[in-house]
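Quick notes on the structure that follows.
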Amino acid sequence: MDKEHLYTLTITWTGNTGTGTSGYRMYERSHRISAIDKPEILASSDPAFRGDKQKYNPEELLVASLSSCHMLWFLHLCADQGIIVTDYVDNPSGKMVETAGGGGRFTEVTLHPIVTISTPGSLYQLDELHNRAHQLCFIANSVNFPVKHLPQAKTN
């Protein structure tokens, strides 16, 4: 039997400027994302949709979730294989298209992890571990668009 996990958050709209949603341009898209015993995340919509460019938007958080999930699985797999990772940086990018009806969808996300290891004889294993991490990533398994990865590796 599969294990089930429940994730509970609170999303609070903070963009009421006094007249609520009395008009499309009359309210802010600002909101808070919170969970018990965690710091709040201040968020908004993308600036293209009247959002605050200084706050994270849902699209960025989706890309970050894919990157984080991949990284955590990759680190786990490296630890299991005795590969010592000393640094990991990713610069993920996501492509979203707007549709004629006003909606939109992601068409792809590409991860660009740069991994540094102190076990040079293990470099040949890293591509396979990235592939395995991709197969195991909970978030990547939940989206309906391709998640690519273009990793780089180096030793220290």
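The values are calculated or read from the model by the stated rules, or taken from the named source; none is laboratory data. Everything numeric here is computed off the predicted structure, so don't read it as measured data. Cβ atoms come from the backbone with ideal geometry, glycine included; neighbour counts cover every protein chain shown.
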Next on the checklist: Tell me whether the range 86-93 contains one or more residues that are part of a loop (DSSP other than H, G, I, E, B), within 16 Å of Cys137 (Cα to Cα) and within 18 Å of the chain's Cα centre (by Cα).
Outcome noted: yes
Checklist entry - Within the range 132-143, is even one residue closer than 22 Å to Ser45 by Cβ, β-branched (Val, Ile, Thr) and over 16 Å from the mean Cα position of the chain (by Cα)? => result no
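Would you pick out the residues in the range 92-117 that are closer than 17 Å to His134 by Cβ and surrounded by fewer than 16 Cβ atoms within 10 Å (Cβ to Cβ)? Write out each step before concluding.
Within the range 92-117, the subset closer than 17 Å to His134 by Cβ is 92-94, 106, 108-115.
Of everything in the range 92-117, those that are closer than 17 Å to His134 by Cβ and surrounded by fewer than 16 Cβ atoms within 10 Å (Cβ to Cβ) turn out to be Ser93, Glu108, His112, Ile114.
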Next on the checklist: For the range 1-58, give me each residue that is β-branched (Val, Ile, Thr) and closer than 29 Å to Ser93 by Cα.
Outcome noted: Thr8, Thr10, Ile11, Thr12, Thr14, Ile33, Ile41
Checklist entry - Within the range 64-84, is even one residue at negative phi, touching a His at 6+ places or on another chain (Cβ under 9 Å) and in a loop (DSSP other than H, G, I, E, B)? => result no
Checklist entry - Out of curiosity, is Val97 outside the structural domain of Glu40 (by TED's automatic domain parsing) and touching a helix residue (DSSP H, G or I) at 6+ places or on another chain (Cβ under 8 Å)? => result no
Item to check | In the range 1-26, the residues that are over 19 Å from Asp52 (Cα atoms) and surrounded by 10 or more Cβ atoms within 10 Å (Cβ to Cβ) | outcome: Leu9, Thr10, Ser22
Next on the checklist: Given the condition part of a loop (DSSP other than H, G, I, E, B), touching a residue at least 12 places away in the same chain (Cβ under 8 Å) and under 24 Å from Phe49 (Cβ atoms), answer yes or no: does some residue in the range 95-103 qualify?
Outcome noted: no
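Just the residues that are in contact (Cβ under 8 Å) with a residue 60 or more places away in the chain and assigned to a helix (DSSP H, G or I), please, taken from the range 121-156. Steps first, please.
Looking only at the range 121-156, we keep the residues that are in contact (Cβ under 8 Å) with a residue 60 or more places away in the chain, and these are 130, 133-134, 136-140, 143, 147, 149, 156.
If the condition is that a residue be in contact (Cβ under 8 Å) with a residue 60 or more places away in the chain and assigned to a helix (DSSP H, G or I), then His130, Ala133, His134, Leu136, Ala140 are the ones that fit.
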Item to check | Wholly within the range 1-58, strands (runs of 3 or more DSSP E) carrying at least 3 residues that are among the hydrophobic types (A, V, I, L, M, F, W, C) | outcome: 41-43
